[in-house]
Structures are given as structure tokens and as C-alpha cells.
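Structure first, commentary second.
FYI, it's all coordinate maths here, none of it is from the lab. In this text the structure is predicted, and so the values were computed from the model without any measurement. Note that we place each Cβ from the backbone using ideal geometry, even for glycine, and neighbour counts take in every protein chain shown.
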Amino acid sequence: MHDPKCELTKAAMGISEGIPLEVSEGGIDELRRDIQRLMDIEAIKQLKHAYFRCLDTANYEELATIFHPDVSVHFVGGAYEWTLQGRDEYLDALRAAFTREAIGHHNGHHPEIQMLSQTEATGIWYLADNMWILNHKFFTTGTAVYWDRYLKVDGRWTIKDTDYERIYEINQALDELPPLSTHYLSRFGSEADTGT
């Protein structure tokens, strides 16, 4: 687990150089391995993009297929720290956050994927996000650096470990709610905990 007091360098995040992205010398079998490595990198990018899409649409059924059953989660924000173990615990936390009283906008950019083997890889992503909690009239925005470890299980890539630390975070109480013309999670998010 990354110490949040450390710099966000590859070394501090535990990211090592992977298999070089160079064309192998050799025959058709080596070329096939090179192409498979590129296809695996693309599959990992699609996996992480699906994660952000499913997060903001509260698509828990598809999210469950993205995470390894033993996924570990460590997120450090300005006013919170999540340390979760296992797919069920992570999905429960997401259900509690992405309710009908929430609006999420999460974009992951600039992937740095390192292939470590045919079945293991790491990735660094830059996050930009906005989150409105309507029933509390509260808004959070900021950026973060994600770093993940991926495992290929039964031919499919999964997120095994996921961490992030905020670069900056702004939390703001709202005097009034935004004038929404549509609100997807109001129809498909989970029920908000009313605390009663």
C-alpha cells in the first residue's frame, strides 16, 4: 500500500518497467506475441474506460465483471480515505455513494500501461472528476493519479488492485442545487441512506 506522504513517483507507487514495447526479432510466433501484447494493452484501456462509465451510471452488474474477486482498494482524498478488500465490499461502497441523490462525472486520461507478463500488468491513469451530492447540497471536484494492477483470469483482464491519491480536491457547500435538465442516477442510482 502506498504511503500518502510519499511523492507520486513510479517507484513510490510500486510501478516497475514492463516488457519493452519493441518488435521482437524472430518469426511469426514472436510477431503473434507482440500483437497479443498490444491487444492486451488495448483491452486494459477498455476495461478502465468501462470502469468510469459504469461508475457514473451505477451499472453494478457490469462493474462486478471488471473487478477481481479479491480486489484491494485504497483511495486517498482531501477529507476521506477508503481502504476496502474484495469485490463485494467495494461494490457496497459504490452503491452507497452513487445514489439517486448523486451525480458523478469521472474521466480517466493518459494511460501508462506496463505489461509484466501475459497475465499481469500495471497502469497509471490521470483522473478528473466532479461529484454532486444533491441531498446534502455538496460538490466535490479535483484530479487524482490512479495506479492499478491487472490480472488476466480465464482470458479476461480484471482490476486486482486500485489506488489513487488526489492531486487537488475542492469541496464546496452549495447554496442551491444545479438546474438539471436531466439526471440519470435519479432513475438508476441506488436509494440514498436517509439515516433513519
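Filter the range 53-81 down to the residues that are of a type in the set (A, V, I, L, M, F, W, C) and in a loop (DSSP other than H, G, I, E, B) and list them by number. Step through it out loud before you land on a result.
At the first step, the residues of the range 53-81 found to be of a type in the set (A, V, I, L, M, F, W, C) are 54-55, 58, 63-64, 66-67, 71, 73, 75-76, 79.
Once the filter is applied, which keeps residues that are of a type in the set (A, V, I, L, M, F, W, C) and in a loop (DSSP other than H, G, I, E, B), the range 53-81 yields Ala58, Ala79.
Which one of the conditions (1) assigned to a loop (DSSP other than H, G, I, E, B); (2) exposed (fewer than 12 other Cβ atoms within 10 Å of the Cβ) does Leu8 fail to meet, given that it meets all the rest?
Going through (1) assigned to a loop (DSSP other than H, G, I, E, B); (2) exposed (fewer than 12 other Cβ atoms within 10 Å of the Cβ) one by one, Leu8 breaks only (2).
If you go through the range 166-179 one residue at a time, do you hit one that is closer than 30 Å to Thr9 by Cβ, touching a Lys or Arg at 6+ places or on another chain (Cβ under 6 Å) and touching a residue at least 40 places away in the same chain (Cβ under 8 Å)?
no
Test Leu94 against the stated conditions and say whether it is surrounded by 16 or more Cβ atoms within 10 Å (Cβ to Cβ) and either touching a strand residue (DSSP E or B) at 6+ places or on another chain (Cβ under 8 Å) or in a loop (DSSP other than H, G, I, E, B) (or both). Steps first, please.
Details: surrounded by 16 or more Cβ atoms within 10 Å (Cβ to Cβ): yes; either touching a strand residue (DSSP E or B) at 6+ places or on another chain (Cβ under 8 Å) or in a loop (DSSP other than H, G, I, E, B) (or both): no.
Criteria not met by Leu94.
With the checklist (1) free of Cβ contacts under 8 Å to residues at least 60 places away in the same chain; (2) loosely packed, with under 12 Cβ neighbours inside 10 Å in hand, flag the one item Glu191 doesn't pass.
(1)
Looking only at residues in the range 118-149 that are touching a residue at least 24 places away in the same chain (Cβ under 8 Å) and of a type in the set (Gly, Ala, Ser), which one is surrounded by the most Cβ atoms within 10 Å (Cβ to Cβ)?
The residue in question is Ala121.
Just one of (1) in a helix (DSSP H, G or I); (2) touching a residue at least 24 places away in the same chain (Cβ under 8 Å); (3) within 20 Å of the chain's Cα centre (by Cα); (4) more than 24 Å from Glu169 (Cβ to Cβ) trips up Ala50, so point out which.
(2)
Output the residues belonging to the range 20-41 that are loosely packed, with under 11 Cβ neighbours inside 10 Å and either within 23 Å of Thr65 (Cβ to Cβ) or in contact (Cβ under 8 Å) with a residue 12 or more places away in the chain (or both).
Across the range 20-41, the qualifying residue is only Met39.
Return the residues of the range 59-113 that are out of contact with any Pro (no Cβ under 7 Å at 6 or more places or on another chain) and among the β-branched types (Val, Ile, Thr); say none if nothing qualifies.
Thr65, Ile66, Val71, Val73, Thr83, Thr99, Ile103, Ile113
Here are Ala121, Ala192: which of them is in a loop (DSSP other than H, G, I, E, B) and in contact with an Asp or Glu (Cβ under 8 Å, 6 or more places away or on another chain)? Walk me through it before giving the result.
Details: Ala121 fails: in a loop (DSSP other than H, G, I, E, B).
None of the other options fit; the residue is Ala192.
Scan the range 97-118 for residues that are more than 30 Å from Leu21 (Cβ to Cβ), in contact with a Leu (Cβ under 8 Å, 6 or more places away or on another chain) and assigned to a strand (DSSP E or B) and jot them down. Before the answer, list the steps.
Taking the range 97-118 as the starting set, the residues that turn out to be more than 30 Å from Leu21 (Cβ to Cβ) are 97-105.
Applying the additional criterion that residues be in contact with a Leu (Cβ under 8 Å, 6 or more places away or on another chain) yields 98-104.
Of everything in the range 97-118, those that are more than 30 Å from Leu21 (Cβ to Cβ), in contact with a Leu (Cβ under 8 Å, 6 or more places away or on another chain) and assigned to a strand (DSSP E or B) turn out to be Thr99, Ala102, Ile103, Gly104.
If you take the residues in the range 82-91 that are among the hydrophobic types (A, V, I, L, M, F, W, C) and assigned to a strand (DSSP E or B), which one is farthest from Tyr164 (Cα to Cα)? Step through it out loud before you land on a result.
Keep residues of the range 82-91 that are among the hydrophobic types (A, V, I, L, M, F, W, C), which gives 82, 84, 91.
Applying the additional criterion that residues be assigned to a strand (DSSP E or B) yields 82, 84.
Working: Trp82: 10, Leu84: 13 Å.
Once the filter is applied, the top-ranked residue is Leu84.
Spot the failing condition for Gly155; the list is (1) at positive phi; (2) surrounded by 17 or more Cβ atoms within 10 Å (Cβ to Cβ), and only one is missed.
Failed condition: (2).
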